[in-house]
1. Quick one: how many residues across the range 11-32 are open to solvent by 90 Å² or more (accessible area, probe 1.4 Å), part of a loop (DSSP other than H, G, I, E, B) and modelled with pLDDT under 75?
2. So if I check each of A96, A79, which one is in a helix (DSSP H, G or I), within 30 Å of K26 (Cα to Cα), open to solvent by 40 Å² or more (accessible area, probe 1.4 Å) and small (G, A, S)?
3. Mind listing whichever residues of the range 101-110 are exposed (fewer than 15 other Cβ atoms within 10 Å of the Cβ) and out of contact with any Ser or Thr (no Cβ under 9 Å at 6 or more places or on another chain)?
4. I'd like the full set of residues that are farther than 24 Å from S113 by Cα and either touching a helix residue (DSSP H, G or I) at 6+ places or on another chain (Cβ under 6 Å) or not in a helix (DSSP H, G or I) (or both), limited to the range 52-73.
5. Evaluate the range 41-61: report whether one residue or more is among the polar types (S, T, N, Q), free of Cβ contacts under 8 Å to residues at least 24 places away in the same chain and open to solvent by 60 Å² or more (accessible area, probe 1.4 Å).
6. Can you confirm whether L70 is open to solvent by 90 Å² or more (accessible area, probe 1.4 Å) and within 18 Å of V111 (Cβ to Cβ)?
7. Go through (1) open to solvent by 70 Å² or more (accessible area, probe 1.4 Å); (2) over 23 Å from I45 (Cβ atoms); (3) more than 18 Å from the chain's Cα centre (by Cα) one by one and return the number of the condition V87 breaks.
Amino acid sequence: MAYHPISGGTEIPLLDDTVDGFVDHKSRPVRRSSSGGWRSAAFIIGVEVAERFAYYGIASNLISFLIGPLGQSTAAAAANVNTWSGVASLLPLLGAFVADAYLGRYYTIIVASLVYIL
């Protein structure tokens, strides 16, 4: 049984498994039984693992690169690494805004994944 706000708080059975107010990429009603699931979860987990590898791979070598080949002072390199780390930590807020206001969560994940690949 599911709670439905229109029914005055009483529980009514779900006659179909569509999600009210949502459509898929072909403008068909979204069905709970065939949307999301482990296929989507595996994609998101894979993207997050790749993102963590990229972040820590860059973070571990960035100071050495800035001091060595780019010739920055240690203080300037540390300031630049802190700025990079802060921006990398705040970018998910921008992604959340874009997802909620403009693209939707799945299109935002696809666009962000393409940016990572490039």
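The values are calculated or read from the model by the stated rules, or taken from the named source; none is laboratory data. Every value quoted in this text rests on a predicted model; they were computed, and no experiment measured them. Reconstructed Cβ throughout: ideal geometry from the backbone, glycine too, with neighbour counts over all protein chains shown. Please note that ligands, DNA and RNA were not included when accessible areas were found on the heavy atoms of the full protein model with its side chains. Shrake-Rupley method; radii C 1.70, N 1.55, O 1.52, S 1.80 Å.
1. Matching residues across the range 11-32 total 3.
2. Working: A79 fails: within 30 Å of K26 (Cα to Cα).
Answer to the check: A96.
3. Scanning the range 101-110 gives A101, G104, R105, Y107, I110.
4. Matches in the range 52-73: I63, L66, I67, G68, P69, L70, G71, Q72, S73.
5. Step one: filter the range 41-61 for residues among the polar types (S, T, N, Q), giving 60-61.
Okay, now just the ones that are also free of Cβ contacts under 8 Å to residues at least 24 places away in the same chain, so 60-61.
With the extra rule that they be open to solvent by 60 Å² or more (accessible area, probe 1.4 Å), the set shrinks to 60-61.
For the range 41-61, residues among the polar types (S, T, N, Q), free of Cβ contacts under 8 Å to residues at least 24 places away in the same chain and open to solvent by 60 Å² or more (accessible area, probe 1.4 Å): present.
6. no
7. Exception for V87: condition (3).
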